[in-house]
Amino acid sequence: MNIEWILSNYGVLLPEAVLTLFAFAIILIGLKYRSILGYLAFVGGVVSLGLVIMNFSVNATLLYNSLVFDPLSQFFKVVFLLVTLLTIIASLRYYHGNAHQGEYYFLLLIATVGMMFVASANDLVSLFVAFELGSIATYVLAAFDKENPRSIEAGFKYFMIGALSSAILLLGMSLIYGITGTTNFTALSQMSFEMSGYTLAALVLIIAGLGFKMALVPFHMWAPDTYQGAPTVVSAMLAAGSKKMGFVAAFKLIVLALIALRTEWYMVFAVIAVITMTYGNLVALTQRSLKRMLAYSSIAQAGYIAMALVVVSYTHVDSVVNLAMGGALFYILSHAFMKGGAFLAVGTVGYMLLRDKIKVDEDDIDNFSGLSKTAPITAFSLTVFLFALAGIPLTAGFVSKLLIFSAAIYGGLAWLAVIAILNSALSLFYYARVVKVMYWDKPKFDLKGEPTAYVVAVLLALLGTVLLGVYPGPFVDVAMKVAEVFL
Amino acid sequence: MQEYAVLIPLLPIFGFILTLFLGRKLPGQGSFIPVLAIAGSTIISVGVLLEIYPSGEVIHQSWHWFSLINIGILVDPLAAVMLCMVSFVSLIIHIYSMEYMKGQGERYYAETSLFTAGMLGVVIADNLFLFFLSWELVGLCSYLLIGYWYRKPSAASAAKKAFLVTRVGDVLLLAGIFITYANMIKFAPDSQYPLSLLEIFRHITDIPPLQLTLITLLFLGGAAGKSGQFPLHIWLPDAMEGPTTVSALIHAATMVTAGVYLVARTFPMFLAAPYSLVVVAYLGAFTALIAATMGLVMNDIKRVLAYSTISQLGYMMLALGSGAIIGMAAVGIAMLHLISHAFFKALLFLCSGSVIHATHTNDIRLMGGLLSKMKITGYTMLIGSLALAGIPITSGYYSKDAIIEAALEYGLGSGDLLPYLMGLFTVLLTATYIFRAWFMAFVGKSRLPKGKPHESPWLMTVPLIILAFCSLVFAGAVNSWFGGKIFVEYVGRTFERIAGTDPEVLSAMGGYHLMEVHVEHSFLILPLAFAVVGVLIAAMVYWAKKPDPESIVSPTNPIYRLLITKYYELPIIDFISMRITMGVAILTKVVERIFIDGSIWLITQTGFLLGEILRMAQSGIVRHYATAVALGTGLLIIGLWGWL
Amino acid sequence: MALMDNYLPLLVFFAFGILVPVGTIIFIRLIAPRGEYPRKHIPYECGWLPIGTAKIRFNVEYYTYAIVFLIFDVEALFLYPWAVSYKNPLITVPNFTLIACIEMFLFIVILLIGYVYAWKKGALEWIR
């Protein structure tokens, strides 16, 4: 019994521990001093991020194999922490002087801790607990602007559907446990299943439960209402971070643990991916609210990422599996920047309208007319984010789509790639419309300067988007290396 | 120096960016920035050449952007000498234009800098993709610079004409690249970029010969567009609407040689392609001849030079075509003339610029007797004219002689003397038209209606002297005087060095019989004799006025009419563009408006409709959402159960 | 079917779960005396007569109390299984006792922070 043994084994938990400590510090300090909380949260995030990156190529298990620390988990932790940091920077301005800042940053950090544990989970129980930790904190965050009925509505809907989905997920998990007698992923992955109604039901229930977080059709319906109603900084966090929690859970639980059921989930994900991307893009066409449009675009993007799961279940060629999963990981990283940046840019406009006492719907497309003149940095950044989401070259979105689509083609699923490409073409319409409004229409409001904190956050996201698009080589390599976990 | 080779095209790009954005605020419109940038390129180019010359090594670096796009540089002997020429001539002309284009806006300096970058990119590119990108950049800059005085309608339309005509060539080139890619994708290993020149050279023998002929002829089409070969030469004389420095830089020394360089760069492909080199030889000889005849009657001093450029480019093509017999040495000979031509043609253009600067007219009928007033310009232009005519000691004599000799070897070897004869006769015409221009401008009585011409300032005359010096000594120094054909041998080996290609194998594939042809020495006197005769004719008619030129130059003379209308160029083009092109255009317009626009309209409307319908599912009521979740789960289970 | 065997205890549990309440209701129906009088329709409040209407508003603080109570209740519950298993000789994981102690310590500290927070926020004060 010695302390050194503990430290050497539990050292990998340090990023989570640091973040938790900062969260508790924030909520206690927040009782008295409020002005430094945002910076404190930021420091916590940076320290944690540094620790994760230092330990990137770790390979360890903890707590009786219920947590695993490998490049895959570290990769997702980096994504989560990056999104959290962006959100914190933008929140510095949005929640400046708010009486409940302590609770806000506390919840933000705790949600991140939850997501990070999901990335590390290697057991049904630890996955579920971490998943709930990450979810429940975001339910509260979505409803955080409690004077705004929309925000309350957003939180309420999110919570209701979330609770339902959790129940479904838990049911699926319990069925898996009932069939196999184990909850551990490593043990599950070595098991061969007898095809039966139970396995099918378990699989679909799990997909439904996780599909809620990933916002796959038809489990997506909370997403537009919540993204629109929630404070925009929180929407950024939800779309760019929390959603990825669903993906990492799906990767771990479905691709790693339930690999024996790949024939079954091939069909499920093929149907869901096609429906999701088509539905998302079609409905986004007619939206007037930019946050809603981004929500639907987010749904469509989830469809693209889900293509990787289809490819993985269809092909048995290692290089294609690696390309698909590496592509999905790269997509997730770049989507964090693109979508997070887009929401933050929309939030910037909303904030400026609020600050300049202009009483309109904060994210109506009309507010963006002539933005290139009144808020040039925001307008330019938003343009880049939207083009990136559409998949225009020299942005992260192009590289991501290229990787996933070519994986589909190499995997022998050309029809899927064709559908996805047609969808991308369709999506350009609603993205380009916003750009047109920003650059060619006359300014509607007189906005007085762009808020620094927002601009910093937006520019950081812009840097990520462009860097991943122009010089993707090393990042693609990392994603591919990480994706070797799935082979 | 080698590690800096990548900076050669990059420096002028930086120069472009700086000048474009900061030029307005800097003294002299920032004209010194491109000069410094290009001086840097020149120093690096020369340094690299000196470094790689003794060992004959090759610099090859490339960077991937996925497997799709590859940026790389290849400096072999061929590229190295071309880089030195392009950067050096550009530098000289940039210095000259600091004075000549003073106060005409910083856009000029920025664009010429960008042009130089593009041209250096063409030369240094290690793959056809980057080559094509730079090629188009060069074309774009040419368009911008021809139309530099875009308020002048003739300049604007000349720019448009140049752009459209070269576009024909560009499309052909692009088609050639596509076919190459389709072939190469089968042979190139995954790790290699299929459009990389080295890869292509390694796999030439894998491409079917007739496809190779198609590819090379398409490349030749591209080269004809840029290098003004018949029948795509029509844009080049009109391009003289741009500033004279632009004519010197783009339409004499560098850009127009890009086409020749393309053929030289892909010469192994031509050598392995049946019939292609014969086409190259004939096209070159014919262009040389026909352009020289038109040059005889032009009155605009710059147009005389423009036709002369076309004619000389034809010579270079002829040299490349004679590679059917003499093999890789043809590349060396063509490049030798290309570079010596670049010097003396740039010199001639800059001299004419100096003259125009002084007299404010382009028309040689209005000049005369300028020699006494503009001594430096006059004598340097005389040197240029002698070089162009091919009188001994000058650079042009050695380089052009080499071509005529090569053409003769080709004729004797293949039994087809026609290209040689055309080339030989062109020598006579060349000497005549250039001395006609020189005599009309510089001797006799002044016919200027007003103004007193005077010599140009030193910023303009110093470049003239430098270029005159180069025109005098270049080809002799590198290829003749110090024993042996140093230049031709060095450049001719370029393909052995980069890809280890064996000319014998390639020519066997193309059906050419490479051989050493012995040429009688007495034949080699012929071009010189023709050149002297040409000068004498010009001197008799335009200096001694016996017979009086007025008696020949009359609208009733059918030959004169044929030449002055440029072989009825206008009606023919009119017919092609107005009847054929318009017909096709109307047809495509109908197709586009009804079928393409219509289907797009249909697609968008369907999309909107579907969007509106699907939107209704989003009721905003949580009960419905929960129902959707439950229903979705249930349907998936049932569907999956049924499917399995 | 082995699977069904595993679920047999569950089935029994379900059966009992249904049997007991239904049986009770039926049993009462059988033996209880029946009569109709007005007091039968008054809400049942542990034998007292109801005062005022049942449809009153509860103060929101009531819920805060309830939540805080619930948290500490669960904590106490959680301590039992922990106390039973942390010295369990059947568990052969190295350093298990130490880890278990530290984990429980952390758990209690986290709850303590929550307690401090609730206290400072005034959740434990009854304000009318």
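Using Cα pairs closer than 8 Å and at least 6 residues apart in sequence, work out the relative contact order for chain A, in percent.
With pairs under 8 Å counted, the relative contact order is 15 percent.
How many percent of the alpha carbon pairs in region C:2-41 exceed a separation of 15 Å?
62
Quick one: Cα centre-to-centre distance for region A:20-83 and region C:32-83, in angstrom?
42
Debye calculation, C-alpha points only, no solvent: report log10 I(q)/I(0) for region A:265-372 at q = 0.20, 0.22 Å⁻¹, in the same order as the q values.
With one equal scatterer per Cα and no solvent, log10 I(q)/I(0) is -1.00, -1.12.
Among the lysines, which fall within straight-line cross-link reach of B:Lys545, defined as a Cα-Cα distance under 28 Å, with same-chain neighbours fewer than 8 residues apart omitted?
Partners within reach: B:Lys302, B:Lys345, B:Lys373, B:Lys375, B:Lys445, B:Lys450, B:Lys452, B:Lys566.
Find the eigenvalues of the gyration tensor of the Cα atoms of chain B, then list the square roots of 5 times those eigenvalues as equivalent ellipsoid semi-axes, largest first, in whole angstrom.
So the three semi-axes of chain B are 48, 31, 26 Å.
Take the residue pairs B:Lys161/B:Lys226; A:Lys357/A:Lys442; A:Lys373/A:Lys444 and return only those whose Cα atoms are more than 18 Å apart.
From the list (B:Lys161/B:Lys226; A:Lys357/A:Lys442; A:Lys373/A:Lys444), the Cα-Cα distance tops 18 Å for A:Lys357/A:Lys442.
What ranking of B:Tyr398, A:Tyr105 emerges when the number of other C-beta atoms within 10 Å of each C-beta is taken as an exposure proxy, fewest first?
Arranged by neighbour count, lowest to highest, B:Tyr398, A:Tyr105 become B:Tyr398, A:Tyr105.
Compute the orientation-averaged projected area for the protein assembly as shown from the convex hull of its Cα atoms and round it to one decimal in nm².
64.3
Specify which residue in the list B:Cys470, B:Ser577, B:Ser196 is farthest towards the positive end of the charge dipole of chain B, using unit charges on the beta carbon of Lys, Arg (+1) and Asp, Glu (-1), about the Cα centre.
B:Ser577
Between region B:524-538 and region B:546-572, what is the separation of their alpha carbon centroids in Å?
Taking the Cα centre of each part, region B:524-538 and region B:546-572 sit 24 Å apart.
Can you list residues from other chains, or at least 5 along the same chain, whose modelled amide H is less than 5 Å from the amide H of B:Gly72?
The answer is B:Trp63, B:Asp126, B:Asn127.
Write down the Kirkwood hydrodynamic radius of region B:571-643, to one decimal in angstroms, obtained as one divided by the mean of 1/r over all alpha carbon pairs.
17.4
Please list, short to long, the whole-number percent of alpha-carbon pairs of chain A in consecutive 10 angstrom bins beginning at zero.
Final binned percentages: 4, 21, 33, 27, 12, 3, 0, 0.
Magnitude of the Cβ-charge dipole of chain A, K/R +1 and D/E -1, about the Cα centre, nearest 20 debye?
1020
Taking the Cα centre of region A:264-487 as the origin, how large is its charge dipole in debye, to the nearest 20, when only Lys and Arg (+1) and Asp and Glu (-1) carry charge on their Cβ atoms?
Magnitude of the dipole: close to 600 debye.
What does the convex hull of the alpha-carbon atoms of region A:264-487 project to on average, in nm²?
Seen from a random direction, the Cα hull of region A:264-487 projects 11.7 nm² on average.
Using the Cα atoms of region C:61-120 to build a convex hull, what is its mean projected area in square nanometres?
4.4
Would you kindly state the longest site-free stretch of chain B, with sites defined as GluC sites (Glu not before Pro) in a DSSP loop (not H, G, I, E, B) surrounded by at most 10 other Cβ atoms within 10 Å?
Within chain B, the longest run free of exposed GluC sites (Glu not before Pro) spans B:1-515.
May I ask for the Rg/Rh ratio of region B:435-546, computed from Cα atoms with Rh as the Kirkwood radius, given to two decimals?
Using only Cα positions, Rg/Rh for region B:435-546 is 1.15.
Going by how many other beta carbons lie within 10 Å of each one, how would you line up B:Thr426, A:Thr183, B:Thr627, fewest first?
If I rank by nearby Cβ atoms, fewest first, I get B:Thr627, A:Thr183, B:Thr426.
Go through region A:257-267 residue by residue and turn each phi into a ³J(HN,Hα) via Karplus (6.51, -1.76, 1.60, θ = phi - 60°); whole Hz please, and just put x for glycine and proline.
7, 9, 4, 5, 9, 4, 4, 5, 6, 3, 5
Which whole-Hz couplings ³J(HN,Hα) result when phi for each residue of region B:574-585 is put into the Karplus expression 6.51 cos²θ - 1.76 cosθ + 1.60, θ = phi - 60°, listed in order with x for Gly and Pro?
4, 4, 4, 6, 6, 7, 5, 5, 4, x, 4, 4
Report, in whole Å, the centroid distance computed from the Cα atoms of region B:177-206 and region B:91-123.
Measuring centre to centre over Cα atoms gives 35 Å.
Quick query: amide H of C:Leu124 versus all other amide H atoms, modeled in the peptide plane; which residues come in under 5 Å with a sequence gap of 5 or more or a different chain?
Here the answer is none, since no amide H 5 or more places off falls under 5 Å of that of C:Leu124.
Arranged by the count of other C-beta atoms within 10 angstrom, fewest first, what order do A:Leu285, B:Leu11 take?
A:Leu285, B:Leu11
Per DSSP helix of 4 or more residues, -39500 (n - 2.57); summed, then divided by the residues of the protein assembly as shown. What does that give at 222 nm, rounded to the nearest 500?
-23500 deg cm²/dmol
Roughly how many debye, to the nearest 20, is the charge dipole of the protein assembly as shown about its Cα centre, given +1 on each Lys and Arg Cβ, -1 on each Asp and Glu Cβ, and no other charges?
Once rounded to the nearest 20, the dipole reads 3740 debye.
Pick out, from A:Asn65, A:Ser334, A:Val384, the residue whose Cα sits farthest towards the positive end of the charge dipole of chain A, with +1 on the Cβ of Lys and Arg and -1 on the Cβ of Asp and Glu.
Comparing the listed Cα positions along the dipole, A:Val384 ranks first.
How large is ³J(HN,Hα) for each residue in region B:605-611, as worked out from phi by the Karplus curve 6.51 cos²θ - 1.76 cosθ + 1.60 (θ = phi - 60°), to whole Hz, x for Gly and Pro?
Those phi angles translate into 5, 4, x, 4, 4, 4, x Hz.
Computed from the coordinates by the stated procedures, all read-outs in this text should not be read as laboratory data. Just so we're clear, the structure is a prediction, and the values are computed from it rather than from any experiment. All Cβ positions, even for glycine, are placed from backbone atoms using ideal geometry, and neighbour counts span all protein chains on display.
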